[in-house]
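First up is the structure itself, then whatever we jot down about it.
What follows draws every value from the coordinates through simple rules; no lab data is involved. Predicted, not measured: the structure shown is a model, and the values here were computed from it. So basically every Cβ, Gly included, is an ideal-geometry build from the backbone, and we count neighbours across all protein chains shown.
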Amino acid sequence: MDRISIVTGGGSGIGRAICHALAKNNHRVLIVGRREEKLKETQKAFPTKIDILTADISETGDRLKIVEYCAKKKIQFLVHNGGIIGKITNLEELELSEWRKVMAINVEAPLFLTQSLLPNLQDGRILNISSGAAHFAIKGWGAYCTSKAALFMIYQLLNVELTEKNIKIASLRPGIVDTEMQGFIREADIKKMPHLQKFHDLYHEGEMESSDRVARFAYWLLTETNEGEFSEKEWDIREGDHSAKWDKDKI
Ligand SMILES: NC(=O)c1ccc[n+]([C@@H]2O[C@H](COP(=O)([O-])OP(=O)(O)OC[C@H]3O[C@@H](n4cnc5c(N)ncnc54)[C@H](OP(=O)(O)O)[C@@H]3O)[C@@H](O)[C@H]2O)c1
């Protein structure tokens, strides 16, 4: 049976870097996103290793396209990376449609894609791209913080529930990473997001995390940790002494 890995949101940022780290190491990867041209840009680096599928992971019909692609394939790694920050505004002013959009992409998609792909995931590993925002209230990011907190609980629940199927799940906090999402954040209204200046400062001082470094961390986590380590706690790129094990320019 063919073995593949899947990275949602593989057309840009962290997802593109994780896809390239996998492809460079001879993994066959399917990347999923809404913008075909971005997926093709990612594919260009390793055209024989990367397949693309234009799909909106928040749509049931589009998730079905991913499931159909995976028919008769075994999934080695499923990386739930696709996500949005949503409109930056206080919860008291947040529109229901905005809330639902963030929840559909950041929470429903990883949960129900996992559910549909369980038959293909035997002995596989799932990696959720989490955020510090799952654990801290950031003014203006209400829907995003809530969605990442829900994704964190889904990680904890599946970690308990999937043990018998021998499917392992991990959660990774990548730090503040220089991607399109951060560009969107920097355009926010400071009245809606009082912490905005900190994000401008990190950007201008060149102190943001790079997607490539996050990808090195993710690749190590997926391929070199044992089963217990992989799932036992949420991994934070900024915490602990694990970086000595993966932060070498080897992939
Ligand atoms: N950057 C940071 O500082 C940071 C910090 C903590 C966590 N994260 C998390 O890291 C992950 C990747 O974000 P990033 O920073 O790399 O930003 P990014 O470049 O904006 O990547 C997000 C990706 O998700 C895809 N996506 C969004 N909605 C989608 C949908 N409905 N269906 C399919 N794909 C969708 C986007 O592609 P399309 O628009 O083409 O669909 C895009 O490629 C996100 O889960 C984010 O929450 C980022």
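At-a-glance table
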| quantity | calculated |
| --- | --- |
| Where a label projected 7 Å from the Cα of Lys44 along Cα→Cβ would reach, residues of the stretch 13-28 with amide N under 16 Å | 13, 16-17, 20 |
| Vicinal HN-Hα couplings computed from phi for the stretch 108-120 (Karplus, 6.51 cos²θ - 1.76 cosθ + 1.60; Hz; Gly/Pro x) | 4, 4, x, 5, 7, 5, 4, 4, 5, 9, 3, x, 8 |
| 10 Å Cβ shell holding at most 12 others, DSSP loop, GluC sites (Glu not before Pro): longest site-free stretch of the chain | 1-94 |
| Separation in nanometres of the label points that stand 7 Å from Cα toward Cβ, at Gln197 and Glu37 | 3.7 nm |
| Value of [θ]222 nm, deg cm²/dmol, for the chain, DSSP H segments ≥ 4, -39500 (n - 2.57) each, nearest 500 | -12500 deg cm²/dmol |
| Nonlocal amide H pairs with Gly124, under 5 Å, H built at 1.01 Å | Lys168 |
| Which of Val79, Val177 has the fewest Cβ neighbours within 10 Å, and the rest in rising order | Val177, Val79 |
| Virtual spin-label span in nm between Phe184 and Asp2, 7 Å along Cα→Cβ | 3.0 nm |
| Assigned charges on the beta-carbon of Lys, Arg, Asp, Glu; the stretch 2-240 dipole about Cα centre (debye) | 560 debye |
| Built amide H within the under 5 Å cut-off of Val79, gap 5+ | Ile6, Val7, Thr8, Leu127 |
| Distance in nm between pseudo-label sites at Lys101 and Ala71 (7 Å out along the Cβ direction from Cα) | 3.4 nm |
| In the stretch 52-89, the trypsin sites (Lys or Arg not before Pro) that fall in loop regions by DSSP, at most 13 other Cβ within 10 Å | Lys72 |
| In order through the stretch 5-22: 3J(HN,Hα) via Karplus (6.51 cos²θ - 1.76 cosθ + 1.60), integer Hz, x for Gly, Pro | 10, 10, 10, 7, x, x, x, 7, x, 4, x, 4, 5, 5, 4, 5, 4, 5 |
| Percentage relative contact order, the chain, counting C-alpha pairs under 8 Å, at least six apart | 19 percent |
| Percent of C-alpha pairs per 5 Å bin, the chain, short to long | 1, 6, 14, 18, 21, 18, 12, 7, 3, 1, 0 |
| Distant-in-sequence amide H partners of Arg3 (H built 1.01 Å from N, under 5 Å) | Lys74 |
